[in-house]
Every structure is written in structure tokens, then in C-alpha cells.
Amino acid sequence: MTDAKLTHFPDDLNPPRERPWFLSVLIHIALVGASIVMLYPLLWMLSGSVKDQNEIFGTASLIPSHFDFSAYARGWFGGQVTFGSFVWNSVVIAVLSVIGNVISCSLAAYAFARLNFWGKNFWFALMLGTLMLPYHVTLIPQYILFLKLGWVKTILPLVVPKFLAVDAFFIFLMVQFFRGIPRELDEAAMMDGCSAWRIYWRIMLPLSLPVLATAAIFSFIWTWDDFFGPLIYLSDINTYTVQLGLRSFVDSTGSSDWSSLFAMSSISLIPVFLIFLFFQRLLIDGIATAGLKR
């Protein structure tokens, strides 16, 4: 009689244990509770946009006693200029900033990732060092420069620097992604007679769509939400962005139109929401693969 042989399977072949049902319920309850806490300010703002002016701060309830949508019309048409003018100004500045960042930062990243030139490591380290400089450190020198150029009170100080690769974060992100693309593609293209510019345009850019989309999304959101830059350089109400336009609803004397402010704030969130809704896949791919070797 032979002894029965016991077969041992490695641990990675054993099926995972199912999570107890009560633990799953507790986890979902905790996640739902955390979501409500994080979404409450947004829901309160949306609720305040359809409440009466006197009801906004009178109760913490999200359900108004009656729905009043007049704040949307009042906020859109009630100012010296329509709120649509602020939206258009923000769109123009944001789109130009996206184009400038994508083009200039991708060119700088391609140079650091693929080309050889004198002092490459030094300039790359210097570029990374600018990430540690607060914006307020360079604010005064930049303002003096733009003032002497005659660009103050225009959108040029907010747009032109984007075409000069001033955002080191995007450069670093693209460098990491470009380094993951096999160099054999460059060598094969060079053997076929491609120049460095053609390799960048024909090979690097088509393969770098996720990281380019990530840079474009972040650039759009940061520019759209920027308040300090337009506050410094824009003084004409006709050139105000959305953030400065929202500020105009707040009156220091206490007669602020809060319902109109909340209504226009709700509208200003729509572009950012749509960006995340339609491009979240590219955003996740760009961030997840930026530091991985292929």
C-alpha cells in the first residue's frame, strides 16, 4: 500500500479569501459618509443658488422652502458686463495657456530626454530647482518686467510665459514619460534620415498622448482657477476672468448678492467637471505611466 502523496500548491495559486459581508458593509458605509462630508459644501452652494437671499444663512438644510432660479439670470446679466464676458476671457486665457504649455514644455522635455548638449544635467537640475521657488518670490521682478514692456492691464503676462516653458512640473512629467519610450525608435528613424525635429513630431508626440493630455488638463484647470495672477495684472472689468467676476458679487459693505454668487460659481464649475468627465482616462494613464519604463 503506497502512501497518498499530498500536493502542495504555491500560495499565489490559492484562491483569495472572500471578505466578510459585514466588513464590506462597514467599508461602504464609511465611504458613503466620507463622500457626503466632502460633497456637502458643493451641495450647499448648489442649494444656495436656488434659495431666497434671506434663507441661505438662515438654515443648514439643503432643501429650499421654494425654488428660485432668478439668481442665475441676475448673476449672468446683472453686472456692468455680462458674466458670459468673464467666461469668454477665461476660456481664451486657458486655451492659450494649454497650447503654450503643451508645445513649449514638450519641446524642452524632448531636449532633456533625447538630445545631448553642454551642461544638460546642470540645466535640468536648475529647472527642477525652480519647483521649490514660491510664486510670490518671482512676482515683483516679473511685474516690473511686464510693466516696462507695457503688458500690464492686458492678458499677455498670463499667456506669453506659457510659451516659454516656465512650468517645470510639466517638463519633468514629460521627461519621465519620454525616457520610457524605447530609443530604438529614434535610432531607426535616424537611419531613415529623420532629423531630431521630425523624430519629435512624428514619433514622440503621437506616442505621448496620455502625458500631453495630462499636462493640458492640469494647465487648463490651474489657469481657470487662478485668481491671484489676473488680480495683479488685470484692472479693466472687460478683461476680467471668471474668478475676478465672482469677486465682484461680494460687497465689503455687506450688501452682497450671495445667491447670484453661488449661481455663477455653480456655472463656473461646469468646464472643469466636463474636462474630468471626458478626459479622466487619459489623465489616469498619463500620471500612472509617467515614471514607468516601457
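A few comments on the model shown:
- Within the option set Ile140, Ile99, being under 30 Å from Ile181 (Cα atoms), under 28 Å from the mean Cα position of the chain (by Cα) and open to solvent by 40 Å² or more (accessible area, probe 1.4 Å) holds for one residue only, Ile99.
- Here the condition is being at negative phi and touching a residue at least 40 places away in the same chain (Cβ under 8 Å); of Tyr72, Tyr40, it holds for Tyr72 alone.
- For the stretch 78-88, a residue qualifies if it is surrounded by fewer than 22 Cβ atoms within 10 Å (Cβ to Cβ) and of a type outside the set (Gly, Ala, Ser), and the qualifying residues are Gln80, Val81, Thr82, Val87, Trp88.
- Among the criteria (1) out of contact with any Leu (no Cβ under 9 Å at 6 or more places or on another chain); (2) in contact (Cβ under 8 Å) with a residue 40 or more places away in the chain; (3) outside any helix (DSSP H, G or I); (4) of a type outside the set (D, E, K, R), the one Ile181 does not fulfil is (1).
- Subset of the stretch 170-222 that is aromatic (Phe, Trp, Tyr) and more than 26 Å from Ile270 (Cβ to Cβ) - its residue that is surrounded by the fewest Cβ atoms within 10 Å (Cβ to Cβ): Trp197
Residues checked against (1) more than 30 Å from Ala215 (Cα to Cα); (2) open to solvent by 50 Å² or more (accessible area, probe 1.4 Å); (3) among the aromatic types (Phe, Trp, Tyr):
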| position | (1), (2), (3) |
| --- | --- |
| Met38 | no, yes, no |
| Gly48 | yes, no, no |
| Trp76 | yes, yes, yes |
| Cys105 | no, no, no |
| Arg114 | no, no, no |
| Lys120 | no, no, no |
| Leu131 | no, yes, no |
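- Candidate set: the stretch 1-44, residues that are of a type in the set (S, T, N, Q) and either closer than 30 Å to Leu62 by Cα or in contact with a helix residue (DSSP H, G or I) (Cβ under 9 Å, 6 or more places away or on another chain) (or both); chosen: the one modelled with the highest pLDDT: Ser35
- Hits in the stretch 143-167 - residues which are assigned to a helix (DSSP H, G or I), under 23 Å from the mean Cα position of the chain (by Cα) and surrounded by 20 or more Cβ atoms within 10 Å (Cβ to Cβ): Pro157, Leu158, Lys162
- Residues (closer than 17 Å to Leu147 by Cα, of a type in the set (A, V, I, L, M, F, W, C) and assigned to a helix (DSSP H, G or I)) located in the stretch 229-248: Leu231, Ile232
The values are calculated or read from the model by the stated rules, or taken from the named source; none is laboratory data. Computed from a prediction, not measured in an experiment: that's the story for all the values here. In this analysis, Cβ positions are derived from the backbone assuming ideal geometry, glycine residues included, and neighbour counts consider all displayed protein chains. We work out accessible area using only protein heavy atoms, side chains counted, and drop any ligands, DNA or RNA first. Shrake-Rupley method; radii C 1.70, N 1.55, O 1.52, S 1.80 Å.
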